[in-house]
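Student: Take this structure first; my questions come after.
The values are calculated or read from the model by the stated rules, or taken from the named source; none is laboratory data. Everything numeric here is computed off the predicted structure, so don't read it as measured data. With ideal geometry, Cβ positions are generated from the backbone for all residues, glycine too; neighbour counts draw on all protein chains shown. Side chains are part of the model used for accessible areas, which takes the heavy atoms of the whole protein and leaves out ligands, DNA and RNA. Shrake-Rupley method; radii C 1.70, N 1.55, O 1.52, S 1.80 Å.
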Amino acid sequence: MPKIFFISEVAAIVGANTGALSPINPVGTVIRDSANHAQVNFNGWLLWLLGTIVSVSTVLVLQIIFSPSRMQDSTNGKKPVRGLALLKPVAIDNNDKGQLNPAYAICSTLSVLLFITLVVFAGTDVGLTAISLAVLLMLLFPEYSKNLARNIPWNAVVVISGLLVFIGMMMSVHTMDALENRLLGMTTNQIILLFIITYLTTSLSNVESSTIGVISLMTPMIFTIFGGSAHMSLILAACVAPALLSVINPIHIAGTLVVSYTDEKQQDAMFRRLLTIAFFIVPIIPGLTMILPAVML
């Protein structure tokens, strides 16, 4: 089980985050609203499909690298004879042996559906809605909230909170508007601008825990610069699909969950593994995704 836990978790969180590009997802709705404001048309389902292709390809590569046959066990506390440290199995925490409470499962599912309804159709604040529903579940099922609070890596939460404040300040002082004007003042070459925006979006996503926050910052700039292109869906996918892979980063909310469900003695090893993979994704994946749209520009 420890040999397949890591890649299964990565596949789950990357797949879930890729679904954010769907037109019926809150993130997809934000992208559509930005496009409507800029009077730009694009195929939302094509964007989701292109993002899915990028994510599936990345997970397949990771499955090859971290295949069970390559994962080297260490016995009696000794280092494995061969294999990199990143390829050593990391055990999950099996301390929680409790059975799933059907009432808790049903209420959690209803909370997710209510969250989607309130955010998509009622336009409520994403963060406030999520926190309110989470607090309600904690009050209804205090025995589950105790286990959850114990597993949360609070040091990572503090880092994430600081980053949220930093990004919020950037939005309030119109930093991205100033950046857009400066970029357009530097060059009008769309290939260079695509390169800069693609890497900027991915880099921001790796230090910001909210995908919808980064996309809210970047999509208006994308539509302003490339709004007249006939390949808008392809350009959007090149810019935002690599950013969705940032969930692997251990300072991201999803990454912290993977670390929290790892055996306490091996959490540092899991943290280093996820951070290393994130550092490789930042320079490689955006460069690959922008090749096709750059050729068409």
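Student: Quick check on the range 11-18. Is at least one of its residues surrounded by 15 or more Cβ atoms within 10 Å (Cβ to Cβ), among the polar types (S, T, N, Q), modelled with pLDDT under 80 and within 19 Å of the chain's Cα centre (by Cα)?
Tutor: no
Student: Considering the range 271-291 alone, what residues qualify as being more than 18 Å from residue 56 (Cβ to Cβ) and within 17 Å of the chain's Cα centre (by Cα)?
Tutor: Correct list: 271, 273, 274, 275, 276, 278, 279, 282, 283.
Student: I'd like the full set of residues that are open to solvent by 70 Å² or more (accessible area, probe 1.4 Å) and modelled with pLDDT under 85, limited to the range 284-297.
Tutor: Listed by number, the residues that qualify are 295, 296.
Student: Search the range 211-232 for residues that are under 12 Å from residue 194 (Cβ atoms) and pair each with any residue that is surrounded by fewer than 18 Cβ atoms within 10 Å (Cβ to Cβ) and among the hydrophobic types (A, V, I, L, M, F, W, C) when their beta-carbon atoms are under 6 Å apart and the residues are at least 6 apart or on different chains.
Tutor: Filtered contacts from the range 211-232: 231/296.
Student: Which one is farthest from residue 205 (Cα to Cα), of the residues in the range 253-278 that are open to solvent by 20 Å² or more (accessible area, probe 1.4 Å) and of a type in the set (Val, Ile, Thr)?
Tutor: Only one residue fits best here, namely 276.
Student: Let me ask something additional. Restrict the check to the range 82-97 and report whether at least one residue is crowded, with 16+ Cβ neighbours inside 10 Å, in a loop (DSSP other than H, G, I, E, B) and modelled with pLDDT of 85 or more.
Tutor: no
Student: Something else: At least 3 residues that are at pLDDT 85 or above in each: list the helices (runs of 4 or more DSSP H) lying fully within the range 172-283 that qualify.
Tutor: In the range 172-283, 190-205, 211-226, 232-244 are the helices (runs of 4 or more DSSP H) which contain 3 or more residues that are at pLDDT 85 or above.
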